[in-house]
Amino acid sequence: MRRLMINFLLAAAASVVGPMVSIGAQATLPDCDPDNGGITLPDGFCALVVADNLGAARHVEVAPNGDLYVAIRNRENAPGGIIALRDTDGDGRADVQERFGEDGGTSIGLHNGYLYFGRDTAIVRYRMTPGSLVPDRPAEVIVTLPDQQGHRAKGFAFDGDGNMYVNIGAPSNACQPGGRVLEEPGEDPCALLENHGGVWKFDENMAGQTPSSGTRFATGMRQNFAIAWHPTAGGLYLVQHGRDQLDSLWPSKFDVEQNAELPSEEFLKVEEDSNFGWPYCYHDWQQGKRLLMPEYGGDGQMVGRCAQYPPPLIGFPGHWAPNDLHFYTGDLFPARYHGGAFVVFHGSWNRAPLAQGGFKVVFVPFTGGDPTTGEYEIFADGFAGKDPLMNRDEATYRPSGVDQGPDGSLYLSNDKTGRIWRVIYRGE
């Protein structure tokens, strides 16, 4: 009965987005590339390249019929938009490619018959026509968001009750009035938090909204477009980008080794009215606690007012740059992956003169709505192309997005070359 219900739901979804693909049986899985498309994976897993050279490919969304929608970010002399991909011959590789949209962005998602797209200054949506790869009408603007310098990328998530949650990053490092100024104190209170540095809740169906017509759901976060609603346990989760330049802005208090590892990139469970303390506090994953920012009198040991703010679920090493978050619900991967989180790390620039870090996808096992052990493991690696990597621009790939296919495959994107991988499990 359960299998019949799953097939019925998938068939209903396919009526919105196009023809179905074969799913479930190992025999229907495509052949992997001998080198896994240039990345490394755990035993039993392999990968193939679905598409390549797409440009600045950020997040990726897989439709119930296997079509892919890739958010392309604007680059100088290379405007972004959305690329739709389809595999018509079943070999696992996209042989149809169509592009649409007037502006680029980062986040993308299919929801209730619409394709939502997160531009830097708006969340828009396209009504999808049954059987068509691309929409046949213009985008509808759901929310207009602040235009700002820095931390412009937007992510969104839906709770299933008609609400959409959107991050609005803070255009700042640590709320210094002059920008990134040597040993300048931070603004206190930080006025940026009125309109930035948090998550806002909106009506997913109402056009023409602005932040003032929504609700500030949570605050005290610098930038967090790796955002997702847990599909089985419920609840909003995100991974925050920590601040930069502890050593170069505060050389009397921090050295290059401390700057390379701190502060944490924070995996957070976000409830209504949550406040995680930015810009007054940061999390030190090595000490396991929140500490006062140097802009507010901290010295790398002082807790002060930061004791009032909740800790993250996990503190990842500094400057790995979390770009996307996905909770796995498929049956293709082993049971231990079910309900767990895949986090995509784009890779750092701020660890110089030491080697850069990140450039990988990690997995966090979950039990219900909480990490099972508080530990993470490397799932996909090798994107950097060299070890040590001293300059981020020399990385072969910079991973940027993750989504799950109808058969439980995992799709990964990167915005350095626009390569898209499909990761499958063959068994050990």
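Each value in this text was obtained by applying a stated rule to the coordinates, not by laboratory testing. What you see is a predicted model, and the numbers here were worked out from it, not measured in a lab. A quick note on method: Cβ atoms are made from the backbone with ideal geometry, for glycine too, and the neighbour counts reach across all protein chains shown.
The single condition among (1) outside any loop (DSSP other than H, G, I, E, B); (2) farther than 30 Å from residue 67 by Cβ that residue 164 does not satisfy is (2).
Looking only at residues in the stretch 250-304 that are among the polar types (S, T, N, Q) and free of Cβ contacts under 8 Å to residues at least 60 places away in the same chain, the one that is nearest to residue 157 (Cα to Cα) is 274.
The set of residues from the stretch 108-132 being surrounded by fewer than 20 Cβ atoms within 10 Å (Cβ to Cβ) and basic (Lys, Arg) comprises just one member, 127.
When the stretch 320-373 is filtered for residues that are surrounded by 17 or more Cβ atoms within 10 Å (Cβ to Cβ) and of a type in the set (Asp, Glu), only 324 remains. Report whether or not residue 77 is among the polar types (S, T, N, Q) and in contact with a helix residue (DSSP H, G or I) (Cβ under 9 Å, 6 or more places away or on another chain). Considered against the rule, which asks whether it is among the polar types (S, T, N, Q) and in contact with a helix residue (DSSP H, G or I) (Cβ under 9 Å, 6 or more places away or on another chain), residue 77 comes out as no.
Residue 399: out of contact with any Asp or Glu (no Cβ under 8 Å at 6 or more places or on another chain), of a type outside the set (Lys, Arg) and surrounded by 22 or more Cβ atoms within 10 Å (Cβ to Cβ), yes or no? Taking the combined requirement at face value, the residue satisfies it. The residues on offer are 345, 383, and the sole one that is in contact with a Phe, Trp or Tyr (Cβ under 8 Å, 6 or more places away or on another chain), within 20 Å of residue 312 (Cα to Cα) and among the aromatic types (Phe, Trp, Tyr) is 345. Residue pairs whose Cβ atoms lie under 8 Å apart, separated by 6 or more positions or on different chains, with the first residue in the stretch 382-401 and on the phi > 0 side of the Ramachandran plot and the second in a loop (DSSP other than H, G, I, E, B) and surrounded by 12 or more Cβ atoms within 10 Å (Cβ to Cβ), are 382/39; 385/395; 385/396; 385/397.
Say whether the condition of being on the phi < 0 side of the Ramachandran plot and part of a loop (DSSP other than H, G, I, E, B) is met by at least one residue in the stretch 108-118. Among the residues of the stretch 108-118, not one is on the phi < 0 side of the Ramachandran plot and part of a loop (DSSP other than H, G, I, E, B), which makes the answer no. Can residue 135 be described as surrounded by fewer than 23 Cβ atoms within 10 Å (Cβ to Cβ) and farther than 26 Å from residue 271 by Cα? When the stated conditions are applied, residue 135 passes them. Of all residues assigned to the stretch 340-353, none qualifies as being closer than 21 Å to residue 426 by Cβ, more than 21 Å from the chain's Cα centre (by Cα) and among the small types (Gly, Ala, Ser).
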